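The values are calculated or read from the model by the stated rules, or taken from the named source; none is laboratory data. Only a predicted model underlies this, so the values are computations on that prediction, with no experimental measurement involved. So basically every Cβ, Gly included, is an ideal-geometry build from the backbone, and we count neighbours across all protein chains shown. Only protein heavy atoms, including side chains, enter the accessible area calculation; ligands, DNA and RNA are left aside. Shrake-Rupley method; radii C 1.70, N 1.55, O 1.52, S 1.80 Å.
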Amino acid sequence: MFRAFLTLLGILFIFALAGTGGMLFIFHNYGRDLPEYQQLADYEPPVMTRVYAGDGRLLAEYAVEKRVFVPIKAMPRRVVQAFLAAEDKNFYIHPGVDVLSVLRAAFINVKNIGTSKRPVGASTITQQVAKNFLLTNELSWRRKIQEAILAFRIERALSKDRILELYMNQIYLGFGSYGVAAAALNYFDKSMDDLTIAEAAFLAALPKAPNNYNPVNKPQAAKARRDWVIGRLLAEGYIDETQAAKAEQAELRVRRRSATEYVTAEYFAEEVRRQLVRQFGEEELYKGGLSVRTTVDPALQAIADRLLREGLEAYDRRHGWRGPIARLAEGTRLDIAGDWRRELFNAAPVKGLGKHRLAVVIGLDIDGAVIGLGNGTTGRIPLAEMKWAKPWKKGQKRGPKVTNPADVLAPGDVIAVDPVTANAKGKPVAKGTYGLRQLPDIEGALVALDPHTGRILAMAGGYAYERSQFNRVTQAMRQPGSAFKPFVYLAAMDAGYTPSTLILDAPFVIDQGPGLPKWRPANYMKKFYGPSTMRLGVEKSRNLMTVRLAQTIGMERVAEYAERFGIVDTMPRTLSMALGAGETTLLRLTTAYAMLVNGGKRITPTLVDRIQDRHGETIFRHDRRNCPHCRATYWTRQPVPEIADTRPPVTEPGSAYQVVTMLQGVIKRGTGRRVRAVGKPLAGKTGTTNRELDTWFIGFTPDLAVGVFIGFDKPKPLGRHETGSSVAAPVFRDFMAAALKDKAAIPFRIPPGIRLVRVNVSTGQLARPGDKDVILEAFKPGTIPSGRSEVLEGQSWSGGDRQPVTGTGGLY
């Protein structure tokens, strides 16, 4: 008996030794070259980056996997219990592998051999973490063994809560949902805190195979699986029988996530995206969970988008009808009872249509056109609404008057229309009346920024982002023309001249040397006005005066100011540059104007106020000034904190103000008179390049700088008499009128040392009794006119080695 006992003991020992050796062999053989599991301790799942507008509303989201990360301690117990009951009831007691579950699964699978039943699995949550994070989805014994080895190792390295947190935030649950929080939103439009028992049970039913339990395509399978999880919750004691019965009776109804309300600012958002990629890289942008607070003002952005579109369309209408968007294949055979609805529905989508409606002409008569719309209804365009559509001709000219609808349209034409409620005289028209519209081929841009901080408040980079992603605020390099002139005059103010200094307005010719034509700049009206004040030179945009002034003070000084204000990086020292021949962007030029009105302080334009990482730490702040007293929790009658002004000066405040007053004159008496209708203190300057290729208006109030550019992407003349005054200025005017509506009129701030003196606007001399055209002129100490003043005449010359000019011969 004793010998038998010893024999049995020996056999058991041999088996134990063999088992131990086998396990050691398996761990050695399959545990080599496994991924580094310690990385999970610091693992952070990919989380979407959110970009917010200045008012806190959502502007854009960037993600590879749209995941909302939730710490395990913030997850509702009901949701956690549902996943534990369904996936791993022994999670908090097993060492990574649930041996009893493995044996049970093996027994069931052996029993089911020869049947059509699926094999039963026994993977723990820890094993699923190992597979999802460190291994592939390969189906093999080798992978299962590696998964088990990693599970043991992970359990030694991480806490149970950390493992569960990784699992709950990483798993894919269908409907584009990564993590439980995203799934709660996508399936039920709820946060996890608001989920019912039945809803939490359904989400816990999904990890094994989300597509097999799709509640839309496979509602019965989805409900059966949900009810099984409810049964597991009951069996584990997480809910009672009453709760279980109520949950099983609940209808499984999917409520798709409510459409997220985004602020519309496509060009601005794309510019922010580019900046984030440059600053942090694509990996951090799409997976880093950044929180980005931008500077955009949604109200100003909406005004900018609308008025730029209207301004481009207004120019386009002045230059005639270029034809329909497309023609339907059925052409002249279309009729109201025909198949125009199907043809219009199948027509290629039109990019940039915006709020216009797409329609097809289905009939014509002497009084107008009958049209069919995309919603299947019909309408009518009266002849009066087509009168503007004279045929376009080369050179932006127009053909003869429209006397018949057939002069403009034909059956089968696909066109853009807008509903019309009143005619040109303001009288109501019949319901179903529409006006003919045309998508412009000209482009433009508008930018608005805070002149004191550089915060970009609105950015419209073109007519429609879906039509062209090219941002004409930041990417279009164009000649500013006369919009550059204020910086020539600013350089003169800093050199000791005044707005009353006289400059000769007379012909100016320079011989550029052998084989080169003489350079003859000219005024826009081709006239000469004799000695005139600098103020008049700016207000009337006199080219000849500007050239003489630049020659007098030196192009070296002018170029240095252009570079100092960031208009260009490097400017050639040639006289034509004084007339705006050097290319720049709308943002650069508008920022330079902003530095005039802010008293000559340098600012850097910015799209972003602050960026925080996924943990809430601030990693970027535009305003880097330190203000410890600004963080007071509550007010105890302490004084308002004073923050140091760290902006470096770029010019004298007095000189900047003198230029501001001259730019006010542009609007009051000069080329920007159209802007006077706003009725608020405004200053600005028009700009038009040679042959009317580019048109500009840049201007400001004391607290808002705005720039407008309009021109063709492939430069070509805008047409005779189309200048910055007629094309860009109306957009600036309408934007300022809307932006400043219901706001108090704020005068421009006068810096210390400036004296306002009454002078004759024509002569620049002190006003005398009886003078009619009298203004208050700004002078620095010691520069007030005291009598006869010198006239700057400049110098024309021929031959020699002096060749100061190249490029264009006239920018206005």
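Some points to look at:
- Within the span defined as segment 60-76, one or more residues are modelled with pLDDT of 85 or more, assigned to a helix (DSSP H, G or I) and surrounded by fewer than 17 Cβ atoms within 10 Å (Cβ to Cβ).
- Those residues of segment 386-426 which are without any contact (Cβ under 8 Å) to a residue 12 or more places away in the chain and either under 29 Å from GLY711 (Cβ atoms) or of a type in the set (Phe, Trp, Tyr) (or both), in sequence order: LYS394, PRO400
- Each residue in segment 170-202 was checked for being part of a helix (DSSP H, G or I), among the small types (Gly, Ala, Ser) and touching an Asp or Glu at 6+ places or on another chain (Cβ under 9 Å), and 4 pass.
- Test: residue in segment 684-692 that is open to solvent by less than 60 Å² (accessible area, probe 1.4 Å), over 30 Å from PRO781 (Cβ atoms), assigned to a helix (DSSP H, G or I) and in contact with a Gly (Cβ under 8 Å, 6 or more places away or on another chain): yes
- Condition broken by LYS527, with the remaining ones in (1) out of contact with any helix residue (DSSP H, G or I) (no Cβ under 7 Å at 6 or more places or on another chain); (2) part of a helix (DSSP H, G or I); (3) among the basic types (Lys, Arg); (4) open to solvent by 30 Å² or more (accessible area, probe 1.4 Å) satisfied: (2)
- Here THR570 does not fit the description of being at pLDDT 95 or above and in contact with a Leu (Cβ under 9 Å, 6 or more places away or on another chain).
- Within segment 545-581, tally of residues that are within 26 Å of PHE528 (Cβ to Cβ), in contact (Cβ under 8 Å) with a residue 24 or more places away in the chain and in a loop (DSSP other than H, G, I, E, B): 3
- Taking each residue of segment 632-656 that is in a helix (DSSP H, G or I) and looking for partners that are of a type in the set (Asp, Glu) with beta-carbon atoms closer than 6 Å, six or more apart or interchain, yields SER655/ASP494.
Each row is one residue, and each column tells you yes or no for (1) over 20 Å from GLU65 (Cβ atoms); (2) free of Cβ contacts under 8 Å to residues at least 60 places away in the same chain.
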site	(1), (2)
GLY174	no, yes
GLY179	no, no
LEU206	no, yes
ASN212	yes, yes
VAL229	yes, no
GLU248	yes, yes
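- If you check LEU344, LEU373, LEU383 for being over 30 Å from GLY711 (Cβ atoms), modelled with pLDDT under 90 and aliphatic (A, V, I, L, M), only one passes: LEU344.
- Residue in segment 33-46 that is modelled with pLDDT of 85 or more and touching a strand residue (DSSP E or B) at 6+ places or on another chain (Cβ under 9 Å) present: yes
For (1) within 23 Å of GLU310 (Cα to Cα); (2) open to solvent by less than 60 Å² (accessible area, probe 1.4 Å); (3) of a type outside the set (Phe, Trp, Tyr), each residue gets a yes or a no:
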{"site": "LEU353", "(1), (2), (3)": "yes, yes, yes"}
{"site": "ALA359", "(1), (2), (3)": "yes, yes, yes"}
{"site": "ASP367", "(1), (2), (3)": "no, no, yes"}
{"site": "TRP388", "(1), (2), (3)": "yes, yes, no"}
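- Apart from one condition, SER532 fits all of (1) closer than 22 Å to PHE779 by Cβ; (2) open to solvent by 10 Å² or more (accessible area, probe 1.4 Å); (3) of a type in the set (S, T, N, Q); the exception is (2).
- Criterion: outside any strand (DSSP E or B) and either of a type in the set (Gly, Ala, Ser) or surrounded by fewer than 14 Cβ atoms within 10 Å (Cβ to Cβ) (or both) - qualifying residue of PRO752, PRO785: PRO752
- Verdict on ILE611 being in contact with a Lys or Arg (Cβ under 8 Å, 6 or more places away or on another chain), assigned to a strand (DSSP E or B), at pLDDT 95 or above and open to solvent by less than 20 Å² (accessible area, probe 1.4 Å): yes
Conditions (1) modelled with pLDDT of 90 or more; (2) aliphatic (A, V, I, L, M), marked per residue:
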| residue | (1), (2) |
| --- | --- |
| ALA739 | yes, yes |
| ILE746 | yes, yes |
| PRO751 | yes, no |
| VAL761 | yes, yes |
| GLY764 | yes, no |
| LYS772 | no, no |
| GLY794 | no, no |
| GLY799 | no, no |
| PRO804 | no, no |
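- Residues that are within 26 Å of the chain's Cα centre (by Cα), modelled with pLDDT of 95 or more, more than 19 Å from VAL538 (Cα to Cα) and open to solvent by less than 10 Å² (accessible area, probe 1.4 Å) do occur in segment 712-726.
- Checked against the criteria, SER468 does not count as within 22 Å of VAL727 (Cα to Cα), of a type outside the set (Lys, Arg) and surrounded by 24 or more Cβ atoms within 10 Å (Cβ to Cβ).
- Yes/no for VAL447 being open to solvent by less than 10 Å² (accessible area, probe 1.4 Å), part of a loop (DSSP other than H, G, I, E, B) and either touching a Cys at 6+ places or on another chain (Cβ under 7 Å) or not hydroxyl-bearing (Ser, Thr, Tyr) (or both): no
- Test: residue in segment 268-276 that is within 30 Å of ALA458 (Cα to Cα), in a helix (DSSP H, G or I), open to solvent by less than 70 Å² (accessible area, probe 1.4 Å) and basic (Lys, Arg): yes
Yes/no per residue for (1) out of contact with any Lys or Arg (no Cβ under 6 Å at 6 or more places or on another chain); (2) open to solvent by 30 Å² or more (accessible area, probe 1.4 Å):
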{"site": "TYR178", "(1), (2)": "no, yes"}
{"site": "ALA183", "(1), (2)": "yes, no"}
{"site": "ASP189", "(1), (2)": "no, yes"}
{"site": "LEU195", "(1), (2)": "yes, no"}
{"site": "VAL229", "(1), (2)": "yes, no"}
{"site": "ARG232", "(1), (2)": "yes, yes"}
{"site": "ASP240", "(1), (2)": "yes, yes"}
